[in-house]
Structure formats: C-alpha cells, structure tokens
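Since the structure comes first, as structure tokens, the remarks are kept for the end.
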Amino acid sequence: MNNYQKQLISATVPILRESGEDLTDYFYARMFKHHPELRNMFNMGNQANGRQKSALANAVLAYAENIENPSVLIGVLKGIGSKHTSLNIQPEQYKIVGTHLIASIKEVIGEPATDEILEAWTVAFFQLADIMINVEKGLYAENLSKEGGWNGWRNFIIKRIEQESAEIKSFYLYPQDGKEIANFHPGQFISVQVFIEELNLLQPRQYSLSTSYNSEYYRISVKKENGMNSNPSGMVSNAMHLKSEGDIISISAPAGLFHLEKDSKNPLVLISGGVGFTPMLSMLETNMNALQNKKTVWIHGCRNESVHAFKNQIEELKQNTEWLETHTFYDTSEDEKNLPENISLGRVDLQKCSDSILIEGAKFYICGPEIFIKNQYESLLNLNVSRENIFYEEFGPQLINLN
C-alpha cells in the first residue's frame, strides 16, 4: 500500500465514525444473501442484537485510524485470530468477506466512494487479511503441536450433567474417539457447535472451561439465557440445557488469550459478574492443584443466592485453605439479616474490598458483561492499579478496548 492510498483510507475515517454500523449491517445482509452457508459459522444471536455489526464497525474504524502503523493493533488481532481458529475460519473465507465488504462500501457510501478509494480499501483489506491469516496459521500449528491437539470440530460425549444453580448446568465432555485431549491454560474457552431447529442452522458458541486441566474430559458450565423464537440470543444455551447424558456435541480445541500467565507466582485477584465466574474456577482449581497456593482474592457478583453457582464448593475450599479469600455481592437476598460476613448486598464495589485486593504484585482478572468489566476496570484504576496488571474477558464480540 502506497502513501497516497493510506491518505485515502484516513480520509474515510469521518464517514466510518458516522455510518460504520450502517455499513456493517448492510455488509452482513449482503454476504449472507450470497453465501447462506456462512450463517452456520456466525452467532446469529449477535447478528440479531447488533453486537456483531458493532464489533466489525469498531474493527474497521480502528484499522483506518491506524493505517499508518497497523502493528499497534496486533494484540487485538491476536484475540480475534484466537476466536477465528476456534470457529475453524479458513483463508479462502477472507476473500468472500473482502469481496462483500468492498461492494458494501461502494453501495452504502455511494458517490464519495470513488474508484481510487475502493482500490485503496481493497489493498488495505487484503493487507489486513494477510496479517490475520498468518496469525491464525500460527495458532492452528500450535494446536496440532500439542499432545491431543486438533483443528476444526471434534465430537465429544456428554457423560455427566450437573445442576449448579437455578440457571447454570455443568457439562462433562469426553472425546468420542477415546483419544487424548489437548492441555489448556486456565481461563481459556472452547467453541461448541449445536444444531438449532428453529433456525435450521448449526450455531457456534464459546464457553469458558470451568475446571483445571485433566486428561479425561473438559467441563463447561452454561447459563440458560433468556431468549428464544424471535430472539436467537439464548437458543444455544437453551438447547444445551435440553441435552441429556450420552448426547454428542462438536467442540473446537481450547483457545483464548485470557488466562493465567504460565508459572507466574503473582497473587491473584479474580473479579467476576454472573456466569463470568467460569474461567475463574479454572484459575482457582489450577492454583490449588499445582500446589502453588498463591494468595487469591475472589470478588463475585450475582443476582441472589439461587443463581450463585458453586458457592458451597468455593466455601468449603476457603475453609480448608489459608490462601483463598472471597467477597460476594448479591443484588437482592431472601435472607438479608443472616448473610455471612463476606456477602454484601448491592452491586460489586471494589472500594469495600480495597484492603483485601491491593496486594503487592497482584494480577487482576475481570470477566463478565461489558458494563461490568468497564465499571470494575475503572474502579481498579481509581485504586491506582496499573493497567498492565489488569486483564479482562468480554463474552461475545469484542466491543471494548481498555488497555
């Protein structure tokens, strides 16, 4: 890409800021019309609620804003690449995306999208595609280098299902072929592929692994989300909650950049909201099983006791160790007068826990809904925690970039 083309890309930034989501909304409709098979690879819940078009609009804008030095985006691109490999995205699909994105720019923007601008964006997109393909090539190779690793989809048997709370079930997944399964870092996720009759589509969803690694099975803990019929958001979780022991589902190899640093001895502060507790469980079990006994403080918020999953197991662990401290926040409680000392009413408030969490050298991990992450991140900054020590995982398309 030459300097003149970079200038043309930069000149489109104001248009992308104003009309980016109109563009990406049009793009997805256009692409699915010509390639309906791709609907099996995309989360149609995020298509319906607009999160996917917002995420793509943000990504296109960020690329245009940093066209002079796209390497500053490499951290974000690695995160997207990790998600792509979990969905088995292949290089030839970038050509499809590029063709329909450029056509959408022409058809949505209209006359201002001159041939020169379209040519510049074509060069820019395929430059970005090459970066992504190389990132993903490395991740695919890494998968295959692991004992028990694989790429694409692999069948697993649901051998055990446990009800963890009023709305969360755990699924114990064993490989159908009986072969070894890949190791993973505590905090990573797998993608699950389920056929949804209402859509007549296969649908993928990402679920954090909720145990430390063992050689026999993976465990995911799935919240049954509201939303069926006209709202696809909860279709996969509802379908999972209808599964029975013995059923078979397809999953991808473990992936994701949100995980504990290997061999790190730093104290941990885990901050979770709702079902965001799942990667924290993996981190907690790994710490326990590795006998590292790193000081760990877990702050968790949820609506009430009935939806507080794994509370008895966590409490038992805390009673039998000296390294774990917990603080829980319930929005409401049926027994407000008899709550234990470590449980408070209201939303998570890190100021109330500041004496516990401001530990020298601590690493902070946040997981939960978008607004939860933003609030807790801001609270940590207000407590003078360094950005470089804060890590977060946003469920669904990446809409926030705080670091």
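Some values worked out for this structure:
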quantity	calculated
For the chain: relative contact order, % (alpha-carbon pairs under 8 angstrom, 6 or more apart)	15 percent
Average Cα contact separation per residue, segment 263-366, under 8 Å, 6 or more apart, as relative contact order %	35 percent
Between 0 and 90°, nearest 10: helix 278-289 axis offset from the chain longest Cα axis	50 degrees
Viscosity 0.890 mPa s, 25 °C: Kirkwood-radius Stokes-Einstein D of segment 268-394 over Cα pairs, µm²/s	166 µm²/s
Cα lying deepest toward the dipole's positive end in the chain, options G45, L139, N58, charges on Cβ	L139
Environment charge at I343 (Cβ cut-off 14 Å; Lys +1, Arg +1, Asp -1, Glu -1)	-3
Share of Cα-Cα pairs in the chain lying beyond 27 Å, as whole percent	54 percent
FRET efficiency, 1/(1 + (r/R0)^6) with R0 45 Å, evaluated for N384 and A11 via beta carbons	0.65
Only Lys, Arg (+1) and Asp, Glu (-1) charged, at Cβ; the chain dipole about Cα centre in debye	460 debye
S215 paired with Q319, simple spin-label distance in nm, labels 7 Å along Cα-to-beta-carbon	3.4 nm
Segment 9-120, relative contact order in percent, only Cα pairs under 8 angstrom and at least six apart counted	41 percent
Sequence-distant lysines (8 or more away, or on other chains) whose Cα lies within less than 17 Å of K159	K169, K179, K243
Inter-label distance, nm, simple model (7 Å from Cα along the C-beta direction), S71/D177	3.9 nm
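Rule-based calculations on the coordinates, nothing more; no lab input. Bear in mind that the values here come from a model prediction, so they are computed numbers and not experimental data. Neighbour counts are summed over all protein chains in view; Cβ atoms, including those assigned to glycine, are modelled from backbone coordinates with ideal geometry.
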